[in-house]
Structure formats: structure tokens, C-alpha cells
Amino acid sequence: MADLDFFVDVVVSGAVLGVGLTDSPDEVARTLGGDFAQDRNRAAMRRDYGLVEFFWARRPGSDSWQATGFTVQAHRLANITVVEALVHRYGPFGRQLRFTQLNAELDRLGYHLQKITDRADANYRRYWLAESRISLLVAATGYQGMIDAGDVWSISAPHPPELVAAGRLGGQRQAVKDGLVHLLQLDEHQRRQWLDRRQPAPHERANWWLYLLLVIDQHLGDQSGRRADWAELKLWLLRQGRTRAVFTEAESAEKLAYFAADMRRAGVELAVLPSADDIVRDCLDALPAGLNEVAMLADRRDLGGLDRTQMRHSRQAKNLVNAAQWHMDGVQDVCLAAELREWIDIKPRLV
């Protein structure tokens, strides 16, 4: 199946022909062309290319669109004409995507999907790949002659680890929510004691911390008068997660970069928020390989020639560059800005 390469690329890279999660509508159109249907209002926009849909949002008072994700609607394969840009790159597309075939090829490349239990809908099975934050929905039953059981329904991104953690904590979720409201009232010393007393078992620790951050994000989105307090608490927890080795240096740098960008876009001012230089420097310092060492692809068909470590390092580099890129306009250090531009230039060739 020639088109299987396309779906493997999407799952591994978290992008469609290199675009998706950080790209403007114009950048996506330059890659996939102008043959799309569009829904748009002041705050949100969707562009439908048949097989793939892209989504953007913008905050009040802003004219710039921020990418919020994309979905590959694999269940449409039997009823659509795939856009020329994808056919030109990958060849003719079939009329269905079997999960067993996709999963076997991912396994061969060293990528192993995690099955996520979702009791809310027995008609689908959900899988997740941590490296690319991709979620796959697989049909558990046939649907109106469109697809068969075992066909991939859709592939979408981003699906961050915080959401996966929420599904795995079960009955602990309410206790976490109540605890965070209390944590908001405490001073530095009391907060440290609160964390010390509540650390879960090692195998649950990462999910517990991720869910803390997710609950705070929900509070930050409710437009309440305490947004600055919740933002300060999240910044404190991000730093504690790094100090306590819950998150790696790369994970911490990336999370902080996106958090700072979100706060600045939302107009939430924090005196303790790191500068753009500090954020970008942390992201670049966490890169797993240098510019002359990182694996790059001249052609996506070369993916099979990379070993798992090369693919993972290249993907980690792409994630960190994506995060750092949000702060490019604020960087004051000329040499640091030049280094980031070099990484941005090669980003389309990273896994």
C-alpha cells in the first residue's frame, strides 16, 4: 500500500507533509493547495481538504490565527478525492485504512501505540503515540457500509499527555481538583509540604503531575478573576516538576515555552514569567543532538532507513523547536536568535 507511507508519516511526525500544529492558514495552503472548504467566524476557523481538516483559533482583538490541530478523516477514503499534493507525494490512495497494517508498520519502525481505555464509547478503540501526541480512533464495529470493524476512523493531533493522564487516574481526579484549590492558598513552604505528603506510587507519579497541570489549565480557561493566581501556581508546579525529576529537561522546557506563550496571548501578565531568551535557551539546551548530528530526511520515504534512536532524537528536536519558535519575536540575544533560525530552517526535514 503506497498510501500507507502517508499515514505512517502522520503518526510518527504529528504533521501532514510537515504542516499542522504550528502553521498558519497560508502556510498550510502553500503545502496542500487552495482546494478546500472553509468554516470561519471571528474566533475559529476550519479548513477541510477532504481527507484532512485543519483548525485555528484567535483571541479577542487579534488578527492572527493560531493553529489548534488537525484531523485525518480516514473513514472518508471511500467517498472523497484525495487532494493532488498528497497523491503526487504518496501515490494513489485506497478506500480504507486497516489498523493492523498501520500498526504492523509502526511496530517495524520501533513505534508502539498505547491503547487508551475509553468507556464512554464502545464503538471505538483509542490509541496514542506519546512522541508525536497523535491519537487514533479505530472502529470496533462497521458503520453504514462506510468502514469495517478494524478500520482506522481518524488520526488527530495534538493529544497531549495530560489528557491521557486524566483517563488513567479514575477516582483520584476529584481529590486532585479539591487539593489544588487548597494549594492555591498556601505559601511556598506549605506547598512543598503538600507535594511531599501526596506523592503517589512511582508508576502513577507522572500521570498525577500531568493531571495537576490539566486541572489548572481548565481554571485558566474559565476567564475568572483568579487567572493570574492559577497561572502563578502552574509556573511553580512546572518548576517543581523539573526539580523533582518528574519531567525531563526537554519536557520541562517545552511545557514552559507553551505555557508562557499561552499566557502572553491571553494577556495574563506574570512578573516571574521567564524572558523569551531564557525560554528559547532552555529549549535549545535540551536538544538531544546538534545541527550537524540530528537525523534529517531529504525524502519521507527515507524514514525506514533511520533507527529508533535517530527517529526519537529528530522528533524531540522538532518538538522543542516548535515550542521555542513561539518566542522568536521576543529574543534579544542576536546569536541565540540566529541559532533558533537555523533550527527553524531545517525543521521541515526533521522526523
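Which stretch or stretches of region 195-239 have amide N atoms under 18 Å from the point lying 7 Å from residue 174's Cα along the Cα→Cβ direction?
Correct set: 212, 215.
What whole-number volume per residue, in cubic angstrom, does the convex hull of the C-alpha atoms of the chain give? List each step's numbers first, then the result.
Numbers: hull volume 53.7 nm³, N = 351.
Hull volume normalised by residue count: 153 Å³.
Within 10 Å of each candidate Cβ there may be at most 13 other Cβ atoms; applying that plus a DSSP loop requirement, which trypsin sites (Lys or Arg not before Pro) in region 73-133 survive? Display every interim value, and only then the final one.
Values: sites: 76, 89, 95, 98, 108, 115, 119, 125, 126, 133; in loops: 95, 119, 133.
Counting only loop positions with at most 13 other Cβ atoms within 10 Å, the trypsin sites (Lys or Arg not before Pro) in region 73-133 are 95, 119.
Pull out a ≥ b ≥ c, the square roots of the eigenvalues of the alpha-carbon gyration tensor of region 161-247, then state rounded if a/c is under 1.5, prolate if not and a/b is larger than b/c, and oblate in the remaining case.
Oblate shape, in that a/c is at least 1.5 and b/c is the bigger or equal ratio.
Cα axis of helix 276-285 to longest principal axis of the chain: angle in degrees, 0 to 90, nearest 10?
Helix 276-285 and the main axis of the chain meet at about 60 degrees.
What is the packing order of peptides 241-252, 204-215, taking the mean over residues of other C-beta atoms within 10 Å and listing the highest first?
On the way: 241-252: 16.8, 204-215: 20.1.
Highest mean packing first, the order is 204-215, 241-252.
When the helices in the chain are scored as -39500 (n - 2.57) per DSSP H run of 4 or longer and the sum is shared across all residues, what 222 nm value do you end up with, to the nearest 500 deg cm²/dmol?
Details: 13 runs with 162 residues, N = 351.
Using -39500 (n - 2.57) per qualifying helix, the result is -14500 deg cm²/dmol.
Express in nm, to one decimal, how much length is gained between residue 26 and residue 291 on full extension, taking 0.36 nm for each residue of separation and deducting their alpha carbon distance.
Values: separation 265, 0.36 × 265 = 95.40 nm, distance 2.76 nm.
Length gained between residue 26 and residue 291: 92.6 nm.
Within region 259-285, list the residues whose amide N lies under 11 Å from a label point set 7 Å along Cα→Cβ of residue 228.
Only 268-272 pass the distance filter.
Roughly what percent of Cα-Cα pairs across region 1-132 reach past 26 Å? Display every interim value, and only then the final one.
Details: 2475 of 8646 pairs.
Counting pairs separated by more than 26 Å, the tail of P(r) holds 29 percent.
Express the relative contact order of region 249-351 as a whole percentage, based on alpha carbon pairs under 8 Å and six or more residues apart in sequence. Don't skip to the end; give the middle numbers.
Numbers: 110 pairs, mean separation 39.5, N = 103.
In percent, rounded to a whole number, it is 38.
Excluding residue 45 itself, calculate the net charge of residues whose Cβ lies under 9 Å from the Cβ of residue 45, where each Lys or Arg counts +1 and each Asp or Glu counts -1.
Working: positive: 40, 46, 47, 58; negative: 39.
Result for the local shell: +3.
With each label point set 7 Å from Cα along the Cα-Cβ vector, what nm distance links residue 198 and residue 248?
Rounded to a tenth, the inter-label distance reads 2.7 nm.
Return one number: the angle in degrees, 0 to 90 and rounded to the nearest 10, between the long axis of the Cα atoms of helix 308-325 and the longest principal axis of the Cα atoms of the chain.
On a 0 to 90 degree scale, this one is about 60.
What distance in nm lies between label points placed 7 Å from Cα along the C-beta direction at residue 87 and residue 182?
Those two pseudo-labels are separated by 6.2 nm.
Taking R0 as 30 Å, what's the FRET efficiency between residue 332 and residue 240 from their Cβ-Cβ distance, rounded to 0.05?
Values: r = 28 Å, r/R0 = 0.93.
Step by step, r from the Cβ atoms, then E = 0.60.
Please find the FRET efficiency linking residue 95 to residue 308, where r is the Cβ-Cβ separation and R0 is fixed at 41 Å, and quote it to the nearest 0.05.
Working: r = 32 Å, r/R0 = 0.77.
For R0 = 41 Å, the calculated efficiency reads 0.85.
I need the peptides 22-30, 330-338, 279-287 ranked by packing, meaning the mean over residues of other C-beta atoms within 10 angstrom, with the highest value on top. Don't jump to the answer; show the numbers that get you there.
Values: 22-30: 15.9, 330-338: 13.3, 279-287: 21.0.
Packing order, densest peptide first, comes out as 279-287, 22-30, 330-338.
Radius of gyration and Dmax for region 31-99's Cα atoms, expressed in Å?
Just the Cα atoms of region 31-99 yield Rg and Dmax of 14.1, 44 Å.
Residue 344 versus residue 205, label points 7 Å from Cα toward the beta carbon: distance in nm?
3.7 nm
Coordinate-derived values only; no laboratory data. Bear in mind that the values here come from a model prediction, so they are computed numbers and not experimental data. Note that each Cβ is placed from the backbone with ideal geometry, even for glycine, and that neighbours are counted across all protein chains shown.
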